[in-house]
Every structure is written in C-alpha cells, then in structure tokens.
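K.L.:
Have a look at this one before I ask anything.
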Amino acid sequence: MSSAAEATAKKDKLVIFDTTLRDGEQSPGASMTRDEKVRIAKMLEKMRVDVIEAGFAIASPGDFEGVQAVARAVKESTVCSLARAVGPDIIRAAEALKDAASPRIHTFIATSPIHMKYKLQLAPERVVEQAVEAIKHARNHVPDVEFSCEDASRSEFEFLCRIIEAAINAGARTINLPDTVGYGEPGEYGAMFKRLIENIPNSDKAIFSTHCHNDLGLAVANSLSAVMNGVRQVECTINGLGERAGNASLEEIVMAVRTRKDIFPVETGIVTEHIVPTSRLVASVTGFAVQPNKAVVGANAFAHEAGIHQDGVLKHRETYEIMRAQDVGWVNNRIVLGKHSGRAAVKARFEELGVTFDSPAALNAAFERFKELADKKKEVFDEDLQAIAGRVFAKDVEETFQFKSLEVLSKTGVVPKATVEMSIRDDDGEYVSRTASSEGSGPVDATFKAIENIVQSGADLQLYSVNAITQGTDSMGEVTVRLDKDGTIVNGVGADTDIVCASAKAYVHALNLLKSPEVRLRWQEYGV
Ligand code: KIV
Ligand code: ZN
C-alpha cells in the first residue's frame, strides 16, 4: 500500500489515558491542590483526553477530594481513580467517583516474582484470587473497571497469562501492563503484548494498555512499540511528568501517532491545538518548568536557529519541519495585547488559552495584574497571561504571609543587602506589618534571608530555578522555589519582570503552601 493509502486506511481508536493528576502528581514537589486539579482536568477534557486519572482516592483526604471534584467538574471524559486490589480502596474510589458521568475504577496488584515475594509477601495463587475479588467488587460499583499488573514487564509470561485471563473473566475491560520501573526495551516490551494477546483465549474481550516510566529514557518508545503490537490504550502524562524520571509524555505519543500516520494503525481523538496551553498550565501549577529542547512543547521545539535550516523552512516548511507549530498550539501571532487592550479582549484571550475565571473578583485580579504588567512591558504575550492566571489561582492557597515590598542594594564590590516588608496574619486573622533586612551572597540570597528573619520557618531550600517566560530583557521571570520542612515538600512559584521580586513572591508562596492545612494533611497521610 502506498503511504497516502495507508494514511487514509481505517484506523483503530487509540484511547488516551492521562495520569498527570495521579502518577504525575506523585513526583516529589508536584502536589496539586483540589482546585488546581480541576483546572487541569478541564483543559484535558477540552483536549478530548478519553480517560482522566484524577488521583488515588484512598491515599489521603486531599486525594479523595481531588478525585471527587474532578468527577463533578468533567462531563466528556471518563474519570478514574486508582485503587489497590483491596476492599477499602475500591469502596473509597467508588465513593469519590459517585458523581462522575463516566466513572472508572483502576485496580492493581503486583505480579512480578520480586514484588510478590518481598513487597506483597503473597503466593502467586493468592495474588490471582485477590485481583479477581477486587475486580468483581469494583464491577459491583461501576461497569468500567481497569486492572493493572504492577511491574508487568518483569513478570513471568505464564503467570501473566493466568492472571489476565482470570481478570477478564472477572469483568475487567482494560488490562494495563506497566513498565513500572522503566526497565523495558521497545522490542521486548512490544513482543510481550503480542505474545500475550495471541495466547490468552479471552484477550479479545479487553483493551490492552501500556503505562511506561522513563528511567532509561524509553517510555515513549516502549509505549509506541506496544501500540504496534496490539495495544489500544496509552497511559501518559503532560510534559512526561511523573515519579522519578517521569511517565511517557502525552504530547510526544499523540504527535508521533499523528505525524507518522503512514506507520501507526491508530488515531487519537486529541484536539492537538490545546497541547501547548495545557503543557504551560501544568508547568505553572507544578513549578516543573519544561526544558527548552523538550519535544513538541519545549520553547525551542520549532525554533530554527541555523541559517541553513531557516533558509530551507522559509522556502518550503517541510524541508526541516515535520509538524506545524500551530497544530500543537504555538500561536504565530504571539504579541497579543498591550496597555490599551480592554477587559473584554483580555478575558477573551484568557478563554482562548483555556483559562476561565469562576468569579468576577478573580477576573478583576487578573485584569489588574495584566494592566500592571502592560505598563512595565510593551507587549504582553500568551505566556505572560498564563503566568498571571497561575498567580491569580495561586491565591486559592490561604495567605498567612503576604509579600508587600522589597528594596535591594546591589553594587559591584559591596555585599548585597535586602529589606523586605511583609504582612503576617495573626491568630485573630488580622494582618500585621513586619520588616527585616539581611545581607547575602547575592540579591536573591539576601532577600530569602530577610524573609526568613521575619518568618523563621526553618525550611530547607531544595531548589531554586528561574525561567524567562518570553524573550527579551523586559520578559517576566518565573521563579520556582522548592522548600522542605520536616519532609513536607512544596513548590512555590512567582512571576515578575524583576526576578528578585519574582523570587521573593515564589518564596512566600512556598511558605503559604507549607502553612496550608490541605498540603500538610496530604503529606501526613503519606506518613511524613
Ligand atoms: O507504574 C505503575 O505500575 C503504576 C500502576 C499503579 C498503574 O503506576
Ligand atoms: Zn506508574
């Protein structure tokens, strides 16, 4: 068949299962509040993700509320909760999903010899029985049940055949075989699916699914190899977020399948134009910046620096570009607004970027920040608007500490000194103004020390990173500050055209997160 004929041949549907809010959120420091989860879920729904895994309902009250809120907010996508193959987990997942239009319970148990022996301390027969019981139990609550064999890529073939056949007979509609530790290699992992699908007598009664971790940088390659070998659901995350080296990245899977229609026998229903705005939202909520050379969503993904490339692209785009930047949501006309733009135009642009403000107060706050920025900067870009939205939504964390002002002395040959003014809420809910100064090895160091002189949090600074949101020296800097206080890890983010100010805002945001009862409760439930 010619490549054009192959491209138009009837394709199978590839189900896109996004686990940014569950496996993605398990990266240390990436924890999200309930409202942040809902915002991301709404973007995923708009992008037409088929299944959104919203959390692990039994893990903590915060996780439960996150799943419940997403289940209530999302109508078009299936909403899923993870559950170990035990009764209390299934019941909690079912409760959290009660209001979902299309609920799914995703239950799992480890199947590799090493996990069964050391982690579960269960005989293989007992593992099969427990999986079957859990699937039947879950089917009593919802019709759509997924079963995962944790560490499948290191499990024995005969045992996988046995447990999967039993799981399908018990009512699982989707069978997920994760490469939990990122150990798989594309040829071997793909062959595992082919052999299982060919050998399990009832394999045609379920959709096979892949879930890959990126420890060896092979998560996307392994997932695509699985697709070539009969898999019709891919579990993935925005920006490849996830535990350790992350999960397979949604944008790379979707664009590989779309760009190489000539070889992949599947198509997704993803509205690819929403990929970049969603990537930005996830980066801004989690504080995990996207590296510039990241495929599809990195700032350089479509930038042709070399003269020879630029010349080729100008003469004929396809000489060097295999995808169109606008197809994944990079906008050509990136200068959108300036200081004369009105509220309606700003609101409309926010909406195009997938940002909706649920109260007039939030829109007002965003518009005020826009005006302040437009006064400092001639051109306000989409990235700036995303950062503004991030800061406005960050307000949903209670503000025990408010950053008020900053004065920095920075002069060659003189030790930098910062004076910070803050407001701190006392036990009666009143804000009291406090000011402190400190010297430091640089302006940011002096600023953080001055804040600590006021707050005395004793938190440990684990990460400090600055990203220019757009090009140019008048660009906003977005700063991420990761603090660790007795094992509770949070990421604070702040944006400003002055990066020392952005740093102070990020530090204060992190301090507020550490004070937030929602965040503290979540970490306590994880045993911290
Ligand atoms: O990586 C993994 O095995 C998982 C399962 C719980 C699906 O995340
Ligand atoms: Zn995983």
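The values are calculated or read from the model by the stated rules, or taken from the named source; none is laboratory data. Quick caveat: nothing in here was measured; it's all calculated off a predicted structure. Counting neighbours? That spans all protein chains shown, and the Cβs are built from the backbone with ideal geometry, glycine included.
K.L.:
Within the stretch 448-462, which residues are among the polar types (S, T, N, Q) and surrounded by 14 or more Cβ atoms within 10 Å (Cβ to Cβ)?
P.N.:
If the condition is that a residue be among the polar types (S, T, N, Q) and surrounded by 14 or more Cβ atoms within 10 Å (Cβ to Cβ), then Asn453, Ser457, Gln462 are the ones that fit.
K.L.:
Where residues in the stretch 1-42 are hydroxyl-bearing (Ser, Thr, Tyr) and more than 25 Å from Ala256 (Cβ to Cβ), which of them is modelled with the highest pLDDT?
P.N.:
Taking the candidates together, the pick is Thr33.
K.L.:
State whether the residues of the stretch 472-482 include one that is of a type outside the set (Lys, Arg), assigned to a helix (DSSP H, G or I) and closer than 23 Å to Ala289 by Cα.
P.N.:
no
K.L.:
Quick one: would you say Met192 is modelled with pLDDT of 95 or more, in contact with a Gly (Cβ under 9 Å, 6 or more places away or on another chain) and under 30 Å from Glu133 (Cβ atoms)?
P.N.:
When the stated conditions are applied, Met192 passes them.
K.L.:
Could you run through the stretch 260-272 and say how many residues are in contact with a strand residue (DSSP E or B) (Cβ under 9 Å, 6 or more places away or on another chain), in a loop (DSSP other than H, G, I, E, B) and either among the small types (Gly, Ala, Ser) or surrounded by fewer than 18 Cβ atoms within 10 Å (Cβ to Cβ) (or both)?
P.N.:
Residues that pass the stated criteria total 3.
K.L.:
Here's a follow-up. Would you please list the contacts, defined by Cβ atoms under 8 Å and residues six or more apart or on different chains, that run from a residue in the stretch 181-201 that is over 18 Å from Gly246 (Cα atoms) to a residue that is of a type in the set (D, E, K, R) and in a helix (DSSP H, G or I)?
P.N.:
Sorted first by the residue in the stretch 181-201, then by its partner, the pairs are Ile200/Glu165; Pro201/Glu165.
K.L.:
Quick check: anything in the stretch 244-252 farther than 20 Å from Val285 by Cβ, more than 16 Å from ligand 2 (Cβ to nearest atom) and in contact with a Ser or Thr (Cβ under 8 Å, 6 or more places away or on another chain)?
P.N.:
no
K.L.:
Mind checking whether some residue in the stretch 54-68 is out of contact with any Pro (no Cβ under 8 Å at 6 or more places or on another chain), surrounded by fewer than 23 Cβ atoms within 10 Å (Cβ to Cβ) and over 30 Å from Leu120 (Cα atoms)?
P.N.:
The answer is no, given that none of the residues of the stretch 54-68 is out of contact with any Pro (no Cβ under 8 Å at 6 or more places or on another chain), surrounded by fewer than 23 Cβ atoms within 10 Å (Cβ to Cβ) and over 30 Å from Leu120 (Cα atoms).
K.L.:
Working only within the stretch 266-295, note down all residues that are under 15 Å from the mean Cα position of the chain (by Cα), modelled with pLDDT of 90 or more and of a type in the set (S, T, N, Q).
P.N.:
Thr278, Ser279
Residue-by-condition table, conditions (1) polar (S, T, N, Q); (2) surrounded by 15 or more Cβ atoms within 10 Å (Cβ to Cβ):
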site: Met422; (1), (2): no, yes
site: Gly429; (1), (2): no, no
site: Ser433; (1), (2): yes, no
site: Ser441; (1), (2): yes, no
site: Ala446; (1), (2): no, yes
site: Tyr464; (1), (2): no, yes
site: Asn467; (1), (2): yes, yes
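K.L.:
Among the residues of the stretch 234-245, count how many are surrounded by fewer than 23 Cβ atoms within 10 Å (Cβ to Cβ) and closer than 23 Å to Thr174 by Cβ.
P.N.:
Going through the stretch 234-245 one residue at a time, the tally reaches 1.
K.L.:
Considering each of Asp358, Asp396 in turn, give the residue that is in contact with a helix residue (DSSP H, G or I) (Cβ under 8 Å, 6 or more places away or on another chain), outside any helix (DSSP H, G or I) and modelled with pLDDT under 80.
P.N.:
Of the residues listed, the single one that is in contact with a helix residue (DSSP H, G or I) (Cβ under 8 Å, 6 or more places away or on another chain), outside any helix (DSSP H, G or I) and modelled with pLDDT under 80 is Asp396.
K.L.:
Could we say that His141 is within 14 Å of ligand 1 (Cβ to nearest atom), at pLDDT 95 or above and under 29 Å from the mean Cα position of the chain (by Cα) here?
P.N.:
Here the answer is no, as His141 does not meet what is asked.
K.L.:
Looking at the structure I just gave you, is Leu363 over 25 Å from Met422 (Cβ atoms) and in contact with a helix residue (DSSP H, G or I) (Cβ under 8 Å, 6 or more places away or on another chain)?
P.N.:
yes
K.L.:
Report whether or not Ile135 is under 21 Å from Glu165 (Cα atoms) and not in a helix (DSSP H, G or I).
P.N.:
no
K.L.:
Also: Mind listing whichever residues of the stretch 138-154 are touching a Phe, Trp or Tyr at 6+ places or on another chain (Cβ under 7 Å) and either in a helix (DSSP H, G or I) or away from ligand 2 (no atom under 16 Å from the Cβ) (or both)?
P.N.:
Residues satisfying the conditions are Ser153, Arg154.
K.L.:
Only one residue in Lys75, Lys98 is within 18 Å of Ile270 (Cβ to Cβ) and in the same structural domain as Thr210 (by TED's automatic domain parsing). Which one?
P.N.:
Lys75
K.L.:
Suppose we filter the stretch 225-243 for residues that are within 23 Å of Gly298 (Cβ to Cβ) and away from ligand 2 (no atom under 14 Å from the Cβ); how many remain?
P.N.:
Total meeting the criteria: 2.
K.L.:
So, one more: Which one of Gly338, Gly298, Gly329 is modelled with pLDDT under 85 and small (Gly, Ala, Ser)?
P.N.:
Matching residue, one of Gly338, Gly298, Gly329: Gly338.
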